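**Student:** Supplied in structure tokens, the structure appears directly below.
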Amino acid sequence: MDKLVAFFKNVWFRRAVALLCWGYTALMLWVAWLCFGFFFEFENPTPLFVLYLFVNISALGLIILTRKQMITKINSYILPPIVFLIVIFGFGNWYMIAPPLVVMIVMFFVNNSNETLKTVLGTMYLLMYVIGVVGYIGIKMFMGDISFTGVDLTRRDPDYEKLSESGDYRIVRYINDTNERKTMSYYVEYTGDDTEIPLGICKKVFGCKHVHTATYQSKSEDLVEWSTQRVDGEKQDVILVEGSLRENPYLIKSAEEDDSSDSSSSKASSPLIRPNSSAQSGETSGTGGNTAEPEE
């Protein structure tokens, strides 16, 4: 028993555990990124929350064990800004915010740092949280919902999702209800950027491409479909918007980047004009410029 106690009190063991606690900080940084740019879909949220809670409680226990280590002291001053990002990006998802927030508060006060440094940094972090949260709520009250990704995830239609034939892209729909009119907006997302988590999946929405917006008639109405088209002998996913053919926005972007690189390498003095520019300009008017027929 004495040997076991001596092992846990060994300074090198505690330094190793303190270093391991930085994995928790990295995990919270990853959670903040997921809150920022992803839409969460859970198979069963309760077991996932229990697992998330267990990870936070375990990390708290290890942090308390190594509270006298310099590595933990530094970690305790880096974690508050990361948890602040989770609070702002995931505002309202308290099941995701509360556990790391409690760990961060306990971690800040139990570490054996200089009390003057604690007071100064504690005041700064408190102001950051108060001003940030109050400012976020104030802007939301006066200016409506705030979106860091360009779309309001609360308006995402959970029952609407269309995968392309290749499975690389999906079309999703957002139903917007304003005082003026009710509209539905369609976006294309790249499935390759999705992140799988235990008992769920995080679908990346940051950087999604807008396809079409129309007046909302009914939930059963569907204006956008996938099709395929052969380009240079290769099958590509294209979009049918109210019967008009349009290129996949992700493929258009890739083509523009290739044209830009080709233009810079050849040092051409005149700007490059894409043949299908009319298709891109026609996107806002609801008619596609590409007249190629979809592949049967």
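**Student:** Return yes or no: is GLU196 open to solvent by 50 Å² or more (accessible area, probe 1.4 Å) and under 23 Å from LYS235 (Cβ atoms)?
**Tutor:** In short, no.
**Student:** Suppose we filter ILE201, ILE197, ILE175 for residues that are touching a helix residue (DSSP H, G or I) at 6+ places or on another chain (Cβ under 8 Å), of a type in the set (Val, Ile, Thr) and within 30 Å of VAL50 (Cα to Cα); which single one remains?
**Tutor:** Numbers: ILE201 fails: touching a helix residue (DSSP H, G or I) at 6+ places or on another chain (Cβ under 8 Å); ILE175 fails: within 30 Å of VAL50 (Cα to Cα).
Result of the check over ILE201, ILE197, ILE175: ILE197.
**Student:** Would you call ILE86 in contact (Cβ under 8 Å) with a residue 40 or more places away in the chain and farther than 30 Å from ASP159 by Cβ?
**Tutor:** no
**Student:** A further question on this structure: Which residue, of SER227, SER218, SER244, is without any contact (Cβ under 8 Å) to a residue 60 or more places away in the chain, of a type in the set (Gly, Ala, Ser) and surrounded by fewer than 18 Cβ atoms within 10 Å (Cβ to Cβ)? Let's see the steps before the verdict.
**Tutor:** Numbers: SER227 fails: without any contact (Cβ under 8 Å) to a residue 60 or more places away in the chain; SER244 fails: surrounded by fewer than 18 Cβ atoms within 10 Å (Cβ to Cβ).
On inspection, the qualifying residue turns out to be SER218.
**Student:** Scan VAL31, VAL55, VAL87 and give me the residue that is among the aliphatic types (A, V, I, L, M), in contact with a Phe, Trp or Tyr (Cβ under 8 Å, 6 or more places away or on another chain) and under 30 Å from VAL188 (Cα atoms).
**Tutor:** VAL87
**Student:** Let me ask something additional. Is at least one residue of the range 176-193 modelled with pLDDT of 85 or more, in a helix (DSSP H, G or I) and of a type in the set (S, T, N, Q)?
**Tutor:** Taking every residue of the range 176-193 in turn, at least one turns out to be modelled with pLDDT of 85 or more, in a helix (DSSP H, G or I) and of a type in the set (S, T, N, Q).
**Student:** Shifting gears a bit: I'd like to check something: does the range 275-291 contain any residue that is modelled with pLDDT under 50, within 27 Å of the chain's Cα centre (by Cα), open to solvent by less than 60 Å² (accessible area, probe 1.4 Å) and among the hydrophobic types (A, V, I, L, M, F, W, C)?
**Tutor:** No: zero hits.
**Student:** Which condition does ASP168 not pass, out of (1) open to solvent by 40 Å² or more (accessible area, probe 1.4 Å); (2) without any contact (Cβ under 8 Å) to a residue 60 or more places away in the chain; (3) touching a Ser or Thr at 6+ places or on another chain (Cβ under 8 Å), if it passes all the others?
**Tutor:** All conditions pass for ASP168, except number (2).
**Student:** Could you count how many residues in the range 152-166 are closer than 26 Å to GLN236 by Cα and hydrophobic (A, V, I, L, M, F, W, C)?
**Tutor:** Count: 1.
**Student:** Out of the range 145-157, which residues are open to solvent by 70 Å² or more (accessible area, probe 1.4 Å) and at pLDDT 85 or above?
**Tutor:** ARG155
**Student:** What number goes with the only condition from (1) among the aromatic types (Phe, Trp, Tyr); (2) within 20 Å of THR72 (Cα to Cα); (3) modelled with pLDDT under 90 that TYR125 does not pass?
**Tutor:** The number of the failed condition is (3).
**Student:** Test GLY61 against the stated conditions and say whether it is free of Cβ contacts under 8 Å to residues at least 24 places away in the same chain and on the phi > 0 side of the Ramachandran plot.
**Tutor:** no
**Student:** Determine whether TYR160 is open to solvent by less than 80 Å² (accessible area, probe 1.4 Å), over 17 Å from the mean Cα position of the chain (by Cα), modelled with pLDDT under 90 and closer than 22 Å to PHE42 by Cα. It would help to see each step written out before you state the result.
**Tutor:** Numbers: open to solvent by less than 80 Å² (accessible area, probe 1.4 Å): yes; over 17 Å from the mean Cα position of the chain (by Cα): yes; modelled with pLDDT under 90: yes; closer than 22 Å to PHE42 by Cα: yes.
Taking the combined requirement at face value, the residue satisfies it.
The values are calculated or read from the model by the stated rules, or taken from the named source; none is laboratory data. Remember, predicted model here, so these are calculated numbers, not experimental data. Positions of Cβ are backbone-derived with ideal geometry, glycine not excepted, and every protein chain shown enters the neighbour counts. For the accessible areas, the whole protein counts, side chains as well, though only heavy atoms, and no ligand, DNA or RNA atoms are used. Shrake-Rupley method; radii C 1.70, N 1.55, O 1.52, S 1.80 Å.
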